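K.L.:
Starting off with a structure, shown below.
The values are calculated or read from the model by the stated rules, or taken from the named source; none is laboratory data. Note that the coordinates shown come from a computational prediction; the quantities given were computed from them, not determined experimentally. Don't worry about glycine lacking a Cβ; one is built from the backbone with ideal geometry, like all the others, and counts go over all protein chains shown.
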Amino acid sequence: MIKRFVFGKAFDTEAVKDKPEACKEKIPYFENAETSSFSLEMDSSDIVYGLGENVRGINKRGFIYESFCTDQPEHNENKSSLYAAHNFFIVSGNKKNFGAFFDSPGKVTFDIGASSYSTLKVSIENTGYEIYIIENPTLELIIKEFRNLIGQSYIPPRWAFGIGQSRWGYTCEEDIRKIVENYRKNKLPLDMIYLDIDYMEKFKDFTVNKKSFPDFKNFVSDMKKNSVRIVPIIDAGIKMEDGFELYEEGKENNYFCKDKDGNDFIVGVWPGKCCLPDFLNPEAREWFGMKYKFLTDQGIEGFWNDMNEPALFYSEKNLEKVFDQVKEMKKLNIGLKESFALKDTILNLANNTDDYKSFYHCKDGKKIRHYDVHNLYGYNMTRAASEAFEKISPEKRILMFSRSSCIGSHRYGGIWMGDNMSRWQHILLNLKMLSSLNMCGFLYTGADLGGFGENTTEDLLLRWYALGIFMPLLRNHSALGTREQEPFRFKNSIEKFRNILNLRYRLLPYIYSEFMKAALQGTMYASPLGFIWSKDEDARRTEDQIMIGESIMIAPVYEQNATGRHIYLPEEMKLVKFKDSESYEEKIIPAGHNFIHVALDEVAVFIRKGHILPLADNAESVEKIDFENLTTISFAEKGARYELYTDDGECRNPSLSENLRSISV
Ligand code: GLC
């Protein structure tokens with residue numbers, strides 16, 4: 001059951017489409033002693049699930065999280081917000097089991113037992129907001145109700161479940177042709193190559209550098225003949241340059257965010273000085289969205305939207321101030337205090353709160369301060385693209401994912417998990433984030449495999465892929481200046497990489513089927529064990545294993561030099577260790593605590609009793625997968641049945657009932 005509570009005059013985030021009637025009664029569970037602050041007492045059995053893209057555990061207890069979309073590449077325990085704002089959580093314990101969605105577009109703070117271990121306190125900065133409380137006996141039903149409330153999750157084309165290769169540093173056609181050649185030569189499957197900012201002319205959106213891509217359309221079509229889609233990046237900031245059509249049109253039509261005096265607000269991003277499209281204004285959204293056509297007309301079928309928190313290197317006004325301050329400081333004898341002050345002055349230039357407070361959107365003729373609706377910016381950039389795609393490509397799905405997001409944008413696109421680092425702890429963080437994101441409606445998601453920042457190593461990349469092959473969005477991406485990390489760079493391990501990557505394509509019918517069922521039914525693609533074994537205390541407290549769909553559990557190795565790992569099985573399961581894509585070992589593992597060995601080139605999967613894992617043959621790309629002739633591995637002495645979902649992989653309104661096919665053993 002869902003109850004809606006309205007406080008003050010709320011800005012409509014459009015996270016919820018069909019709002020239930022507002023309740024007059026007092027909000028349950030929470031004490032509302034101070035304005036815009038809600039607290040509740042937790043007992044020791046309570047687990048707090050949710051909050052989507054964030055640091056720390058599946059169980060969020062013991063830290064203060066903040067919803068304020070931030071360009072934050074340090075995904076460390078001490079950070080409170082990353083690129084997204086996902087204000088939904090579930091409190092699940094002996095005495096309570098409910099979900100809460102705090103629908104507010106501004107900053108919201110969730111102190112989940114940090115200030116006091118037994119108190120959960122939510123503080124909302126805006127004075128108008130809505131809260132939804134969802135009560136249901138099971139976690140599965142709470143999720144279903146919540147997902148039904150916020151609408152169906154975005155579904156990408158099926159080829160987007162293939163393997164993607166990306167790097168900030170591919171600059172021209174030749175670079176990309178070589179990467180594809182190396183993949184194919186080494187028999188590594190591949191479906192996508194991503195273009196980062198260097199494909200553009202001076203980092204200007206919706207341009208292609210003619211020197212590096214003399215015949216872009218032809219290049220895109222050539223790649224497609226080789227079953228590789230080219231997926232370009234689009235950034236939020238538009239270069240201020242006289243004569244640049246996009247800029248001129250935006251300026252002319254008042255499509256940019258304004259300062260308090262009504263002038264275009266000027267910020268610095270990759271191209272230097274930029275203006276920010278006002279994605280909250282429906283006309284500006286439509287205008288920007290239709291610009292994607294420049295690239296779709298050249299055969300492009302997918303995009304990633306970036307820097308849309310929005311990330312600001314500086315604002316023009318603040319930069320001037322800082323230059324003056326630094327000039328003043330030149331006169332000083334820089335000691336301890338001054339040197340810190342100097343450093344802070346420079347560091348505070350980027351993503352500065354005062355900047356976010358000093359520009360405005362225009363919606364329905366009303367001026368709205370950006371800071372108060374900050375979390376809707378990336379959301380509406382994704383929406384701009386997605387709404388345009390419906391017109392540009394009414395029949396076929398287009399790939400779209402974004403860095404910044406907010407609940408609501410899950411209907412328009414997927415997200416990647418932002419700029420992580422080549423660190424072992426980030427494998428585990430991705431696993432946890434995956435299930436937390438699913439709760440909030442984000443299904444098409446994945447991390448930069450191998451790590452975006454810093455230098456990766458062969459073993460880290462192998463172990464990361466062993467998790468990544470279960471993520472709907474599977475992309476190896478790295479930053480300029482870091483070690484090159486395409487799998488074929490690691491000459492001694494190409495076979496190991498091949499085996500793991502091939503397995504993705506063998507598993508793809510299952511992964512796609514489970515993804516589609518989750519999207520169409522509002523269920524979880526990746527679940528914490530506590531969602532299934534809710535009475536099993538060890539399962540509820542397991543933070544490093546998850547279920548992928550109904551049949552399998554995964555437990556990736558995330559420690560360097562480990563030969564295996566501890567696992568907890570809530571029930572007897574069949575361990576399948578994939579060695580190479582043709583052969584595997586099977587073993588029944590009893591319920592309870594166990595240790596399993598998993599070599600660097602192996603992938604371990606646990607099949608639940610009474611379940612089936614369908615497998616396809618190897619394929620070098622998704623379109624070459626034979627979805628008709630599948631083999632199975634099962635753990636089903638008494639027989640079992642699996643409902644496989646398959647479709648043409650591109651239709652926009654797929655139907656669950658028409659696309660299911662039974663597989664029995
Ligand atoms: C941002 C993105 C990253 C990209 C870089 C350059 O940091 O998150 O993925 O490579 O910008 O465009």
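K.L.:
Would you check if there is a residue in segment 290-305 being touching a Cys at 6+ places or on another chain (Cβ under 9 Å) and either closer than 26 Å to Glu387 by Cα or away from the ligand (no atom under 16 Å from the Cβ) (or both)?
P.N.:
So far as segment 290-305 goes, no, none of its residues is touching a Cys at 6+ places or on another chain (Cβ under 9 Å) and either closer than 26 Å to Glu387 by Cα or away from the ligand (no atom under 16 Å from the Cβ) (or both).
K.L.:
Give the residue that is farthest from Asn502 (Cα to Cα), with candidates limited to residues of segment 165-182 that are in contact with a Phe, Trp or Tyr (Cβ under 6 Å, 6 or more places away or on another chain) and outside any loop (DSSP other than H, G, I, E, B).
P.N.:
Filtering segment 165-182 for residues that are in contact with a Phe, Trp or Tyr (Cβ under 6 Å, 6 or more places away or on another chain) and outside any loop (DSSP other than H, G, I, E, B), the one farthest from Asn502 (Cα to Cα) comes out as Glu173.
K.L.:
Which of the residues that make up segment 357-369 are within 17 Å of Thr70 (Cβ to Cβ) and free of Cβ contacts under 8 Å to residues at least 40 places away in the same chain?
P.N.:
Lys357, the sole residue that qualifies.
K.L.:
Can you confirm whether segment 149-162 contains a residue that is closer than 22 Å to Ala479 by Cα, of a type in the set (Phe, Trp, Tyr) and either assigned to a loop (DSSP other than H, G, I, E, B) or in contact (Cβ under 8 Å) with a residue 60 or more places away in the chain (or both)?
P.N.:
There is no residue in segment 149-162 that is closer than 22 Å to Ala479 by Cα, of a type in the set (Phe, Trp, Tyr) and either assigned to a loop (DSSP other than H, G, I, E, B) or in contact (Cβ under 8 Å) with a residue 60 or more places away in the chain (or both).
K.L.:
So, in segment 205-240, of the ones that are within 16 Å of the ligand (Cβ to nearest atom) and assigned to a strand (DSSP E or B), which residue ends up nearest to Glu174 (Cα to Cα)?
P.N.:
Only one residue fits best here, namely Ile230.
K.L.:
If you check Ser315, Ser339, which single one turns out to be small (Gly, Ala, Ser) and surrounded by 15 or more Cβ atoms within 10 Å (Cβ to Cβ)? First the steps, then the outcome.
P.N.:
Details: Ser339 fails: surrounded by 15 or more Cβ atoms within 10 Å (Cβ to Cβ).
Of the residues listed, the single one that is small (Gly, Ala, Ser) and surrounded by 15 or more Cβ atoms within 10 Å (Cβ to Cβ) is Ser315.
K.L.:
Let me ask another. Ala604 - would you say it is surrounded by fewer than 19 Cβ atoms within 10 Å (Cβ to Cβ), more than 30 Å from Gln152 (Cβ to Cβ), of a type in the set (A, V, I, L, M) and modelled with pLDDT of 95 or more?
P.N.:
Working: surrounded by fewer than 19 Cβ atoms within 10 Å (Cβ to Cβ): no; more than 30 Å from Gln152 (Cβ to Cβ): yes; of a type in the set (A, V, I, L, M): yes; modelled with pLDDT of 95 or more: yes.
Spelling it out, it is not the case that Ala604 is surrounded by fewer than 19 Cβ atoms within 10 Å (Cβ to Cβ), more than 30 Å from Gln152 (Cβ to Cβ), of a type in the set (A, V, I, L, M) and modelled with pLDDT of 95 or more.
K.L.:
Which ones in segment 197-231 are among the acidic types (Asp, Glu) and crowded, with 20+ Cβ neighbours inside 10 Å?
P.N.:
Asp205
K.L.:
Among the strands (runs of 3 or more DSSP E) contained in segment 494-593, which hold 2 or more residues that are touching a residue at least 40 places away in the same chain (Cβ under 8 Å) and within 26 Å of the chain's Cα centre (by Cα)?
P.N.:
Passing ranges, in order: 526-528, 546-548, 552-554.
K.L.:
Go through segment 28-49 residue by residue and tally those that are of a type outside the set (Ser, Thr, Tyr), in a loop (DSSP other than H, G, I, E, B) and within 26 Å of Phe442 (Cβ to Cβ).
P.N.:
Total satisfying the criteria: 3.
K.L.:
What is the residue count in segment 84-100 for residues that are of a type in the set (Phe, Trp, Tyr) and either surrounded by fewer than 24 Cβ atoms within 10 Å (Cβ to Cβ) or touching a Cys at 6+ places or on another chain (Cβ under 6 Å) (or both)? Before you say what the answer is, go through the steps one by one.
P.N.:
Filtering segment 84-100 down to residues of a type in the set (Phe, Trp, Tyr) leaves 88-89, 98.
Next cut, either surrounded by fewer than 24 Cβ atoms within 10 Å (Cβ to Cβ) or touching a Cys at 6+ places or on another chain (Cβ under 6 Å) (or both) only: 88, 98.
Residues in segment 84-100 being of a type in the set (Phe, Trp, Tyr) and either surrounded by fewer than 24 Cβ atoms within 10 Å (Cβ to Cβ) or touching a Cys at 6+ places or on another chain (Cβ under 6 Å) (or both): 2 in total.
K.L.:
Here's a follow-up. May I ask you to verify whether Asn54 is in contact (Cβ under 8 Å) with a residue 60 or more places away in the chain, out of contact with any strand residue (DSSP E or B) (no Cβ under 8 Å at 6 or more places or on another chain) and not in a strand (DSSP E or B)? Show your work before the answer.
P.N.:
Working: in contact (Cβ under 8 Å) with a residue 60 or more places away in the chain: yes; out of contact with any strand residue (DSSP E or B) (no Cβ under 8 Å at 6 or more places or on another chain): no; not in a strand (DSSP E or B): yes.
Criteria not met by Asn54.
K.L.:
Looking only at segment 507-539, count how many residues are surrounded by 24 or more Cβ atoms within 10 Å (Cβ to Cβ) and of a type in the set (D, E, K, R).
P.N.:
Number of matching residues: 1.
K.L.:
Next question, about the same structure. Does segment 288-310 include one or more residues that are over 27 Å from Ser166 (Cα atoms) and not aromatic (Phe, Trp, Tyr)?
P.N.:
The answer is no; no qualifying residue exists.
K.L.:
Being away from the ligand (no atom under 16 Å from the Cβ) and not small (Gly, Ala, Ser) is the requirement here; does Phe488 meet it?
P.N.:
Considered against the rule, which asks whether it is away from the ligand (no atom under 16 Å from the Cβ) and not small (Gly, Ala, Ser), Phe488 comes out as yes.
K.L.:
For Lys79, only one of the following conditions fails: (1) out of contact with any Gly (no Cβ under 9 Å at 6 or more places or on another chain); (2) in a loop (DSSP other than H, G, I, E, B); (3) away from the ligand (no atom under 16 Å from the Cβ); (4) not hydroxyl-bearing (Ser, Thr, Tyr). What is its number?
P.N.:
In the conditions (1) out of contact with any Gly (no Cβ under 9 Å at 6 or more places or on another chain); (2) in a loop (DSSP other than H, G, I, E, B); (3) away from the ligand (no atom under 16 Å from the Cβ); (4) not hydroxyl-bearing (Ser, Thr, Tyr), Lys79 misses (3) alone.
K.L.:
So, in segment 196-246, of the ones that are under 26 Å from the mean Cα position of the chain (by Cα) and acidic (Asp, Glu), which residue ends up farthest from Lys273 (Cα to Cα)?
P.N.:
The extreme case among them is Asp196.
K.L.:
Hey, which of the helices (runs of 4 or more DSSP H) in segment 350-460, taking only ones fully inside, have at least 3 residues that are in contact with a Phe, Trp or Tyr (Cβ under 8 Å, 6 or more places away or on another chain) and buried (at least 24 other Cβ atoms within 10 Å of the Cβ)? Step through it out loud before you land on a result.
P.N.:
On the way: elements: 353-356, 377-392, 425-439.
Counting at least 3 such residues, we get 377-392, 425-439.
K.L.:
Take the residues in segment 183-195 that are over 26 Å from the mean Cα position of the chain (by Cα) and in a helix (DSSP H, G or I), then tell me which one is surrounded by the fewest Cβ atoms within 10 Å (Cβ to Cβ). Break it down into steps so the answer makes sense when it comes.
P.N.:
Going through segment 183-195, the residues over 26 Å from the mean Cα position of the chain (by Cα) turn out to be 184-187.
Among the residues that remain, those that are also in a helix (DSSP H, G or I) are: 184-185.
Numbers: Arg184: 16, Lys185: 9.
Taking the candidates together, the pick is Lys185.
K.L.:
Sort out which residues of segment 408-466 are more than 16 Å from the ligand (Cβ to nearest atom) and among the charged types (D, E, K, R), and write them in order of number.
P.N.:
Arg411, Arg423, Lys432, Glu458, Asp459, Arg463
K.L.:
Mind telling me which of the residues Asn308, Asn348, Asn352, Asn333 ends up being polar (S, T, N, Q) and within 16 Å of the ligand (Cβ to nearest atom)?
P.N.:
None of the other options fit; the residue is Asn308.
K.L.:
Here's a follow-up. Suppose we filter segment 387-438 for residues that are closer than 20 Å to Glu66 by Cβ and of a type in the set (Lys, Arg); how many remain?
P.N.:
Count: 2.
K.L.:
Within segment 147-182, count every residue that is within 16 Å of the ligand (Cβ to nearest atom) and within 26 Å of the chain's Cα centre (by Cα).
P.N.:
Adding up the residues that qualify gives 10.
K.L.:
Considering only segment 177-193, I want to know if a residue exists there that is closer than 21 Å to Asp306 by Cα, in contact (Cβ under 8 Å) with a residue 24 or more places away in the chain and not charged (D, E, K, R).
P.N.:
Yes - at least one qualifying residue is present in segment 177-193.
K.L.:
In contact with a Phe, Trp or Tyr (Cβ under 9 Å, 6 or more places away or on another chain), away from the ligand (no atom under 16 Å from the Cβ) and more than 30 Å from Phe452 (Cβ to Cβ): which single residue out of Lys107, Lys185, Lys121, Lys144 fits that description?
P.N.:
After applying the criteria, what remains is Lys121.
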